[in-house]
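Chemist: Here's a structure for you.
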Amino acid sequence: MHKKYLPLTLVLAALLTMLAALGYRALNPATPAISLAAEQEKQIYLTFDDGPSTVVTGRVLDVLKAQNVKATFFIVSDRVEGREDILRRIAKEGHTLGVHSKTHIYTQIYASEEAFLKDVESCAKVIEKVTGVRPRVYRFPGGGDGHREQYTALLKERGYGVVSWNAVCGDEEIPNASAEVLYRESVKTARGKQPVVLLLHDSATHKETAAALPDIIGYFKEQGYTFCAY
Ligand SMILES: [Zn+2]
């Protein structure tokens, strides 16, 4: 080949390689290039149920603040009285407030459609009255207790997004779990999930959850996750 054609040949070869790669990607959505993009957008939602409580919610908020991470709190509104400042702190520090329940008593919540909607609305009202924020997300107490499908449509009609979870720290599932156990359970159950929606609790008995939180956040930061709130 004559030397003066060499640069043009190289440009053509590069173009053909690029086109081939693009064509290949279009035909094969699961190619490594696409997976790499997904890998770069690893997301985790930290979700706390059953608060507010004085000590544990306060500690959780301290950790989130120190780590500059936002989370979502699903509130039990019967536990708000006397802890209004904690609820306001959650909102003020940029976290999301969601509805969990007024009472957290399954037999009452799921007694009828009417009882269910009353439970949701009275919790939402307390959150709005105390913080000025109208909640837009909901989490079923007890995961829905067999009523999930029946009530999801009602929630959607009223503008709520229903938030489930796909990973747990184990603070309800494993009796007397230490912070170390909760950390390991979080890592284990989050594996392969995208995005990770991690279930944690900030009610009064969950001091170990607050203690595990720095390590849990540290691990997911190290793994390149972005922390999200609803
Ligand atoms: Zn709950």
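Chemist: Which net charge results when you count Lys and Arg as +1 and Asp and Glu as -1 among the other residues whose beta-carbon is under 15 Å from that of Gly98?
Modeler: +3
Chemist: Okay, moving on. Let's see if you can work this out: charge +1 on each Lys and Arg Cβ, -1 on each Asp and Glu Cβ, no other charges. What is the dipole magnitude of region 93-230 about its Cα centre, in debye to the nearest 20? Spell out each step's value before the answer.
Modeler: Details: 16 positive and 18 negative charges, 79 e Å.
Result for region 93-230 is approximately 380 debye, rounded to the nearest 20.
Chemist: Less than 12 Å Cβ to Cβ from Ser164, Lys/Arg counted +1 and Asp/Glu -1: what total charge do the surrounding residues give?
Modeler: Around Ser164, the surrounding residues sum to +2.
Chemist: Is there a pair in Lys65/Lys188; Lys65/Lys102; Lys125/Lys156; Lys102/Lys221; Lys156/Lys207 whose C-alpha atoms are over 23 Å apart, and which pairs would that be? Spell out each step's value before the answer.
Modeler: Working: Lys65/Lys188 25 Å; Lys65/Lys102 27 Å; Lys125/Lys156 17 Å; Lys102/Lys221 34 Å; Lys156/Lys207 34 Å.
Among Lys65/Lys188; Lys65/Lys102; Lys125/Lys156; Lys102/Lys221; Lys156/Lys207, the Cα-Cα distance tops 23 Å for Lys65/Lys188; Lys65/Lys102; Lys102/Lys221; Lys156/Lys207.
Chemist: Please give the net charge around Val56, taking every other residue with its beta carbon less than 12 angstrom from that of Val56, where Lys and Arg add +1 and Asp and Glu add -1.
Modeler: Local charge sum for Val56: -2.
Throughout, read-outs are computed from the coordinates displayed, never taken from laboratory work. Only a predicted model underlies this, so the values are computations on that prediction, with no experimental measurement involved. Neighbour counts run over all protein chains shown; Cβ positions are idealised from the backbone, glycine included.
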